[in-house]
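Take a look at the structure set out below.
Here, each number is a calculation from the coordinates, and none is a lab measurement. Being a predicted model, the structure only gives us computed values, none of them experimental. Cβ placement follows ideal geometry from the backbone for every residue including glycine, while neighbour counts extend to all protein chains displayed.
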Amino acid sequence: MTAPRLSHSELLQMKRWNTPTIYNGWEQITKHDAGQDGVNVEDVRDFMPQMGPMVGYAVTVVIEPGNKQHVTDNPKAWSQYREYVASVPGPKIVVVQDLDKPFTRGSFWGEVNSNIHRALGCVGTIVDGAIRDVDEMNNAGFKALAKRLSVGHAFSCPVRWGCDVEVFGRRIQPGQLIHADKHGFLAIPLEDEPGLLEAAKFMDQNECDTLIAAARSTSGRPMEEVLAAINAAGAQFGQNAQTKFRRSGEW
């Protein structure tokens, strides 16, 4: 990837919405199976939910902290890997595949590595393994979605980078736009980027104007009227989505 495909303004606006809202827009514009593609398949934990969502382009790296041979195989691995990260325009999310899976031998992330990557234009990480120094990572403003915590780093160094990786059951390509928060993450196909923000905004407004408004206007009304109002709102929600996207929406 040679340059960000969305403007800084668009990325900032996208960060204002949670990942489910972005997903709601994405499912309306994508040709992919929204029930199968894009999102994490396995459980992932957001260790910094107070930071809110993060949005960025994937830089990818594979690690295997349980194999000490990697430390001596390529003495220049760290510097070469950092040159790769620095060469990619930001904002960036570091997506890390841990080959020790399903076990976790050590953490690629801690206070030092988080601060270094922040300096390289990274806003956070999704790592199919462990992190440590959580308070210090928070202090650095570096968000992390991971599987667990770890005390040590073991033999944690880059094995290969700039390649496709698989994390939490989802394959992610370098440069892919990612939106992530406490709910999980969405890896957005390249062709779906241009209309994503508009679609997410539209679907959020559609919910507020129809189903949510109907559900919150029920005080003191007979249950028959409540059900009728919600059914009518659901029909309008679907019609609005159909008119906008030539799809039916989720209701």
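Structure notes:
- Per principal axis, descending, Cα span of the chain in whole Å: 71, 37, 30
- Gain upon complete extension [LEU190, PHE103; 0.36 nm per residue less C-alpha separation]: 28.1 nm
- Report note on the peptides 178-186, 164-172: ranked by the mean count of other C-beta atoms within 10 Å, highest first, their order is 178-186, 164-172.
- Residues SER156, SER217, arranged from fewest to most other Cβ atoms within 10 angstrom of their Cβ, appear as SER217, SER156.
- If you wrap the tightest convex hull around every Cα atom of segment 165-251 and split its volume per residue, you get 128 Å³.
- Annotation: amide H-H contacts under 5 Å for PHE108 (H modelled 1.01 Å from N, sequence separation of 5 or more, or interchain): ALA130.
- Mean Kyte hydropathy of -1.0 or more with a Cα span along the axis of at least 30 Å, helices from DSSP in the chain: 223-245
- Extended-chain gain in nm, criterion 0.36 nm per residue less alpha-carbon gap, GLN69 and THR243: 56.8 nm
- Projected onto their three principal axes, the Cα atoms of segment 72-132 cover extents of 32, 26, 18 Å, largest first.
- Solvent-free Debye scattering, log10 I(q)/I(0), computed from the Cα coordinates of segment 138-212 at q = 0.20, 0.24 Å⁻¹: -1.15, -1.31
- Remark: C-alpha extents of segment 197-245 on the principal axes read 38, 16, 7 Å, sorted largest to smallest.
- Between segment 88-119 and segment 134-184, the alpha-carbon center distance in angstrom: 5 Å
- Counting only DSSP beta bridges whose two residues both lie in segment 8-190, roughly 45 percent are antiparallel.
- Calculated [θ] (222 nm, deg cm²/dmol) that DSSP helices of n ≥ 4 give over the chain, each run adding -39,500 (n - 2.57): -11000 deg cm²/dmol
- The stretch between GLN13 and ALA215, if pulled fully straight at 0.36 nm per residue, gains 70.0 nm over its current Cα-Cα span.
- Spherically averaged projected area in nm², based on the convex hull that wraps the Cα atoms of segment 42-115: 6.0 nm²
- Proxy reagent accessibility, fewest Cβ within 10 Å first, across MET14, MET223: MET223, MET14
- Scaling the Cα radius of gyration of segment 13-147 by the globular reference 2.2 N^0.38 Å produces a ratio of 1.11.
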